[in-house]
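Asker: Can you keep this structure in mind? I'll have questions shortly.
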Amino acid sequence: MRTEAIDPPGITWVRVSPKYVTVRLVQWALANLLSILVFCLPLVFVLLGWWRWPPLWLAITVPAVLLVAALWRLVLIPRQVRAIGYAERDDDLLVRTGIFFQRTMAVPYGRMQYVDIGVGPVERGLGLCTLKLHTASPGTNAHIPGLPAAEGARLREQLTARGEARLAGL
Amino acid sequence: MTERPSALDGAASLDGPAPLDGPAVEAADGAWLRVHPASPFVRGWVALAAIAFFFGRDIFERTLQGRPMFEGNFAARAPWLIAGGGIVLVIAVLGFVLTWYFTKYQVSGGYVRVNSGFVFRQQRQARLDRVQAIDIVQPLLARIFGLAELKFEVADAGESAVRLAYLKVDQARQLRATILARAAGVTVGPDTPDAEAPEAPEHQVLSVAPPRLIGSLLLSEQSFFVLLGGVGAVVLSAVTDNRGFYFYLIPAALGLAASYWSLFNKGYNFTAAISPDGIRLRYGLLDTQAQTLPPGRIQALKISQPPLWRIFGWYRIQLNVAGYGAVEGAGGNSARTTLLPVGKKADAMAMLALVLPDPGTSEPDVVFGAGLAGLDSDGGFVTTPRGARLLAPLGWRRNAYAATDTALLIRSGRWWRALVVVPHQRTQSMALHQGPLARRFGVADLVLHTTAGPVAPRLYQAGLEQARTLFNDQSARARLARKRQTTEQWLREVAPPGSSVAAAAHSGPEHPSLPPQEGHPHG
């Protein structure tokens, strides 16, 4: 995995499972297709001559723009999934996401309050899980999606053990 | 760290004798006590008023309309009405009394415990050494009766861990002193286990005079927008020749008056004092509040200066404390997270010295002064690189960071000046952010995550190289600071436990870490 400019040097990132693309595709379909269908309704009504108001160009433009945006997001999904990575360092866990808006986060083991593992229906089918880290700060929005279940369980145990060893007061 | 096994549902607590039923099961060093009998009525007067309103409204309206006060067939309905009203009243009062009867609290061992509820019983216990803050709140009605509410905060932004409403004022103060003394690790002598801890002596640091408070409100950012809106409305009216815009001003003015009043009421007579227990803040005109922040509980703070305050050189300090949580709206809870509503630079520095006893630099005035008002690299700050000045044409000379041995300083804002201070051992986690535009200019933002509150530390547009270095260095500094913290605790653990109340009352605020809890005999 390529190291981006904001990543600390000398890190070998662990990538999440490529199967996570499927999960994102399902999410994408649920979120976008329905809304595009709804916005296509005026076009249908105008073409059938039932509605007068939205002029034809507007009725075409709105769903078209939505469709292009949705397709753009669709194209990005595999790259976004490839951009998710994590690395266990001696004292903290690094999590990175994003291609355009990149984020590299460091969560010290001693600061973790608890670790969650969540599994959605699609993820369960693919044998994946999502790991969430919680510190005392609501700003720590650290989750690693698309982990293989075994890796997720290993990571959770590992993080918990390291957290206990380095636990600090608030 | 929250330690809050709530809803044990009537089960006995994990240690200590079982206080299941009956008030007289004596715990080892803390009896089960009840809050003041009048408290349900002080708390529930709204419900009583609602009942009175419900039954009184009809009669009142009839009187206003000039009709006879009672209908003709009233005599037939009267018994039902009275019976109905009586039943509602009895149920309400019974509910109050039962709630009061079943609410009991105890301070014992290292815990404060509260049992409540008679249908769904709840037993809650909070570790004393996890205390993040203790507040004594007196709403107006409670103040008239000489009562006060005690709020005990642990690190959970949701709600107060323990709320005791209401106690007598002296009792509340005594309880606060006891809790703080126990939390600080003061062991009372074995011969007098029930001895009550004396209240720690305090030393007043500063107070805010009412004229300055009023001035600060008039010159606040809120007033700035009010003025802007007012001018806008008048101009619109003049241009469109439509008087209607004036009418929009009336509700706006009413809302504003309420908001200003609330700020004035909350900020009136603000006093800050230091005691071995921590920082004491007192304020309020009608509703008074006394906050105690034990040493080392402040997660992050922000010193800010709206543009108009620059005329008088005033500053405001807001802070994040783990138990207080986020602020709902400017007028709502914001007083609780304000360390200094308004003050000169010297006041701000004095408060800063309380919060951060060790500034971690040999010349704090220069460094923090540069953080408050400086530009460019004075005071050792590192700014946004010149190449990225197009991203922040005004702010690039202000956007900067500096690290002392104990805290990270982040300053920003050319007009809306702000300086954020985060002690190294309080950093939770951190992240580097970079969008496409920032990448083009070779800069990145560094976000430090802290507990919920008004301060959100973010270093804007630092040069990529500096940001990356800072990201690594800050991780290392936070790690070291955490280690130092545990070392200090360890030192206290091996110290002889014979410290008396008086000795602890003089162990100043420079030993802020959590005292050892396990060293105390539980019962």
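Asker: Hey, if we sort B:36, B:449 by accessible area with the 1.4 Å probe, largest down, what's the order? List each step's numbers first, then the result.
Answerer: Working: B:36 50, B:449 15 Å².
Greatest to least solvent exposure: B:36, B:449.
Asker: How much of residue A:74 can a 1.4 Å solvent probe reach, expressed as accessible area in Å² and rounded to 10?
Answerer: Accessible area of residue A:74: about 50 Å².
Asker: Rank these residues by their accessible area, most exposed first, probe 1.4 Å: B:277, B:376, A:7. If you can, show how the numbers build up before the last one.
Answerer: On the way: B:277 25, B:376 55, A:7 0 Å².
So, going from the largest accessible area down, we get B:376, B:277, A:7.
Asker: Measuring from label point to label point, each 7 Å out along Cα→Cβ, what is the residue A:100 to residue A:79 span in nm?
Answerer: Distance between label points: 1.0 nm.
Asker: For B:424, A:134, write out the residues from largest to smallest accessible area, computed with a 1.4 angstrom probe and no ligands counted.
Answerer: Working: B:424 5, A:134 50 Å².
From most exposed to least exposed: A:134, B:424.
Asker: Inside 10 Å of the C-beta atoms of A:137-145, what's the mean count of C-beta atoms belonging to other chains?
Answerer: What the average comes to for A:137-145 is 6.
Asker: With axes computed from alpha carbons, what is the tilt in degrees of helix A:20-48 against the longest principal axis of chain A, rounded to the nearest 10 within 0 to 90?
Answerer: For helix A:20-48, the angle is close to 20 degrees.
Asker: Given the protein chains as shown and a 1.4 Å probe, how many square angstrom of residue B:416 are accessible, to the nearest 10?
Answerer: 110 Å²
Asker: Let me check against my output: what whole-number percent is the relative contact order of region B:304-426, with C-alpha pairs under 8 Å and at least 6 apart?
Answerer: This gives 22 percent for region B:304-426.
Asker: Give me the residues in region B:406-454 whose solvent-accessible area, probe 1.4 Å, is reduced by at least 50 Å² once all protein chains are included instead of the chain isolated.
Answerer: Relative to the lone chain, where solvent access is computed with a 1.4 Å probe, region B:406-454 loses at least 50 Å² at B:428, B:429, B:432, B:434, B:439, B:449.
Asker: What nm distance separates the two modelled labels at residue B:242 and residue B:64, each placed 7 Å from Cα along Cα→Cβ?
Answerer: Distance between label points: 3.3 nm.
Asker: Can I ask one more? Given points 7 Å out from each Cα along the Cα-Cβ axis, report the residue B:173 to residue A:36 separation in nanometres with one decimal.
Answerer: Spacing of the two 7 Å Cα→Cβ label points: 7.1 nm.
Asker: Now a separate question. Classify region B:297-481 from the C-alpha gyration tensor, please: rounded if a/c falls under 1.5, else prolate or oblate depending on whether a/b exceeds b/c.
Answerer: Cα axes put region B:297-481 in the rounded bin.
Asker: With the full set of protein chains in place, find how many percent of the accessible area of region A:85-166 is carbon and sulfur; take the probe as 1.4 Å.
Answerer: Taking all protein chains in place, region A:85-166 shows 54 percent carbon and sulfur surface.
Asker: Using amide H atoms built 1.01 Å from N in the peptide plane, name the residues 5+ places from residue B:300, or on other chains, whose amide H lies under 5 Å from its own.
Answerer: Under 5 Å from the amide H of residue B:300: B:320.
Asker: Just the accessible area per residue of region A:85-166, please: how many Å² with a 1.4 Å probe? Provide the component values of the computation, followed by the final result.
Answerer: Numbers: 3310 Å² over 82 residues.
Counting only protein heavy atoms, the per-residue value for region A:85-166 is 40 Å².
Asker: Sketch the reach of a paramagnetic label on residue B:311 as a point 7 Å from Cα along Cα-to-Cβ, and name the residues of region B:206-249 whose backbone nitrogen lies under 16 Å away.
Answerer: B:211-228, by backbone N distance to the label point.
Asker: What is the interface area between chains A and B, defined as buried accessible area summed over both chains with a 1.4 Å probe, reported in Å² to the nearest 100?
Answerer: What A and B bury together is about 2600 Å².
Asker: Leaving ligands, DNA and RNA out of it, work out the accessible area of residue B:311 with a 1.4 Å probe and give it in Å² to the nearest 10.
Answerer: Roughly 120 Å² of residue B:311 is accessible to a 1.4 Å probe.
Asker: How tilted is helix A:149-166 with respect to the longest principal axis of chain A? Cα atoms for both, answer in degrees (0 to 90, nearest 10).
Answerer: The two axes meet at around 50 degrees.
Asker: If a/c stays under 1.5 just call it rounded; otherwise compare a/b with b/c (prolate if a/b is bigger, oblate if not). Do that for region B:210-268, with a ≥ b ≥ c from the square roots of the Cα gyration tensor eigenvalues.
Answerer: Judged from the Cα gyration tensor, region B:210-268 comes out prolate (a/c at least 1.5, a/b above b/c).
Asker: With every protein chain kept in place and ligands, DNA and RNA left out, what is the accessible area per residue of region B:73-135? Probe 1.4 Å, answer in Å².
Answerer: Result: 47 Å² of accessible area for each residue.
The values are calculated or read from the model by the stated rules, or taken from the named source; none is laboratory data. What you are looking at is a predicted structure, and each value in this text was computed from that prediction instead of being measured. Note that each Cβ is placed from the backbone with ideal geometry, even for glycine, and that neighbours are counted across all protein chains shown. In case anyone asks, the SASA skips ligands and DNA or RNA and just uses the protein heavy atoms, side chains included. Shrake-Rupley method; radii C 1.70, N 1.55, O 1.52, S 1.80 Å.
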